[in-house]
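Chemist: Supplied in structure tokens, the structure appears directly below.
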Amino acid sequence: MLTMNILTILVILAVFLGSSVKILREYERAVVFRLGRLLGAKGPGMIILIPGIDKMVRVDLRTVTLDVPPQDIITRDNVSVKVSAVVYFRVLDPIKSIIDVEDFHFATSQLAQTTLRSVCGQGELDNLLAERDEINERIQTILDKDTEPWGVKVSKVEVKEIDLPEEMRRAMAKQAEAERERRSKIINAEGEFQASQRLSEAAAIISATPAALQLRYLQTLQDIAGENNSTILFPVPIDLLRPFVEKGASSKES
């Protein structure tokens, strides 16, 4: 009989210890309530609770990656787009995250969605595509300020994807193609202008030296005959024949 009583006491003691002793990991904290009143945050390590009197809520202090689903947004220039983002936040004050808000994770998620729609809807489409860093910083600043009373720190926000309508994609593709053609024409015109300047300078130099023109003419003939598939009629300068003509004329007079 005594043995049964001892076993019963040991079982009750084991159940009591099992329900009163809690182990918290390094990244966990326990917000403890005693008869509904806040005692404070405890942990990490082993904590002891009074069964039936003390209640605890575990809070994870690690950084949470929150995926913000695509939001339908109308930009200031009346373009409808879908924008998704990712938010990184963590709990700094476990007591505030339990006392001041019902569900800090759900509240942060809803706040991130509404802030994303508000900030992206204030700008035009070109700014939304080109100034992502500025938009990320603005959203992060607003979220961090609004979640501070909850003991939550928003460390980073990244706009993940901007989904454009198909007709807008085609219009932007045409715009990009027209821009490339414009740049190509400008480059060609600039090349023609520079080439004309060089040719004008070369013509001025050649005109000052007649022998240079003759050499350039011979060089051109050499380039034409390089493939051996051309017939060249080489004109003989009249100055080369003048001595023979004068000699023939003098011989006839004599």
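The values are calculated or read from the model by the stated rules, or taken from the named source; none is laboratory data. If you're wondering where the values come from, they're calculated on a predicted model, not measured in any experiment. FYI the Cβ positions are ideal-geometry reconstructions off the backbone, even for glycines, and counts take in every protein chain you see.
Chemist: Among residues belonging to segment 22-39 that are closer than 14 Å to residue 62 by Cα and exposed (fewer than 15 other Cβ atoms within 10 Å of the Cβ), point out the one that is farthest from the chain's Cα centre (by Cα).
Modeler: Top of the filtered list is 25.
Chemist: To continue, here is another question. Under the condition of being under 23 Å from residue 152 (Cα atoms) and not in a loop (DSSP other than H, G, I, E, B), which residue from segment 46-62 is nearest to the chain's Cα centre (by Cα)? Show your work before the answer.
Modeler: Taking segment 46-62 as the starting set, the residues that turn out to be under 23 Å from residue 152 (Cα atoms) are 55-62.
Add one more test, that the residue is not in a loop (DSSP other than H, G, I, E, B), and what stays is 55-60.
Details: 55: 46, 56: 43, 57: 39, 58: 37, 59: 34, 60: 31 Å.
Among those that are under 23 Å from residue 152 (Cα atoms) and not in a loop (DSSP other than H, G, I, E, B), it is 60.
Chemist: Six or more apart or on different chains, Cβ atoms under 8 Å: show the pairs whose first residue is in segment 143-164 and assigned by TED's automatic domain parsing to the domain that holds residue 93 and whose second is in a helix (DSSP H, G or I) and among the small types (Gly, Ala, Ser).
Modeler: 143/112; 147/107; 150/97; 150/107; 151/97; 152/97; 157/112
Chemist: Could you figure out which of (1) surrounded by 15 or more Cβ atoms within 10 Å (Cβ to Cβ); (2) part of a helix (DSSP H, G or I) isn't true of residue 202?
Modeler: Only one criterion in (1) surrounded by 15 or more Cβ atoms within 10 Å (Cβ to Cβ); (2) part of a helix (DSSP H, G or I) is unmet by residue 202, namely (1).
Chemist: In segment 98-136, which residues are outside any loop (DSSP other than H, G, I, E, B) and within 16 Å of the chain's Cα centre (by Cα)? Break it down into steps so the answer makes sense when it comes.
Modeler: Taking segment 98-136 as the starting set, the residues that turn out to be outside any loop (DSSP other than H, G, I, E, B) are 98-99, 104-121, 125-130, 132-136.
Residues satisfying the conditions are 120, 125, 126, 127, 128, 129, 130, 132, 133, 134, 135, 136.
Chemist: Checking residue 209 against (1) under 25 Å from the mean Cα position of the chain (by Cα); (2) at pLDDT below 75, only one condition comes out false. Which one?
Modeler: Condition (1) is where residue 209 drops out.
Chemist: May I pose another question? Please determine whether any residue of segment 156-165 is closer than 18 Å to residue 90 by Cβ and of a type in the set (Val, Ile, Thr). It would help to see each step written out before you state the result.
Modeler: Within segment 156-165, the subset closer than 18 Å to residue 90 by Cβ is 156-158.
Restricting the remaining residues to those that are of a type in the set (Val, Ile, Thr) gives 157.
Checked segment 156-165: at least one residue is closer than 18 Å to residue 90 by Cβ and of a type in the set (Val, Ile, Thr).
Chemist: Looking at segment 64-81, which of its residues are part of a loop (DSSP other than H, G, I, E, B) and surrounded by 14 or more Cβ atoms within 10 Å (Cβ to Cβ)? Steps first, answer last, please.
Modeler: Pass one, segment 64-81, residues part of a loop (DSSP other than H, G, I, E, B): 75-79.
75, 79, listed by residue number.
Chemist: Considering (1) assigned to a helix (DSSP H, G or I); (2) at pLDDT below 90; (3) closer than 27 Å to residue 138 by Cα, say which one residue 7 fails and leave the rest.
Modeler: Exception for residue 7: condition (3).
Chemist: In addition: Of all residues in segment 40-59, count the ones that are out of contact with any helix residue (DSSP H, G or I) (no Cβ under 7 Å at 6 or more places or on another chain) and surrounded by 15 or more Cβ atoms within 10 Å (Cβ to Cβ).
Modeler: Within segment 40-59, residues that are out of contact with any helix residue (DSSP H, G or I) (no Cβ under 7 Å at 6 or more places or on another chain) and surrounded by 15 or more Cβ atoms within 10 Å (Cβ to Cβ) number 6.
Chemist: Could you say which residue among 148, 167, 177 is at pLDDT 70 or above, within 33 Å of the chain's Cα centre (by Cα), assigned to a helix (DSSP H, G or I) and surrounded by fewer than 10 Cβ atoms within 10 Å (Cβ to Cβ)? Don't jump to the end; show me each part of the working.
Modeler: Working: 148 fails: surrounded by fewer than 10 Cβ atoms within 10 Å (Cβ to Cβ); 177 fails: surrounded by fewer than 10 Cβ atoms within 10 Å (Cβ to Cβ).
So the residue among 148, 167, 177 that is at pLDDT 70 or above, within 33 Å of the chain's Cα centre (by Cα), assigned to a helix (DSSP H, G or I) and surrounded by fewer than 10 Cβ atoms within 10 Å (Cβ to Cβ) is 167.
Chemist: Still on this structure, please answer the following. Considering only residues of segment 82-97 that are surrounded by fewer than 21 Cβ atoms within 10 Å (Cβ to Cβ) and among the hydrophobic types (A, V, I, L, M, F, W, C), which is farthest from the chain's Cα centre (by Cα)?
Modeler: Here is the first cut: in segment 82-97, the ones surrounded by fewer than 21 Cβ atoms within 10 Å (Cβ to Cβ) are 82, 84, 86, 88, 90, 92-93, 95-96.
Within this subset, residues satisfying the condition of being among the hydrophobic types (A, V, I, L, M, F, W, C) are 86, 92, 95.
Numbers: 86: 13, 92: 29, 95: 37 Å.
My answer is 95.
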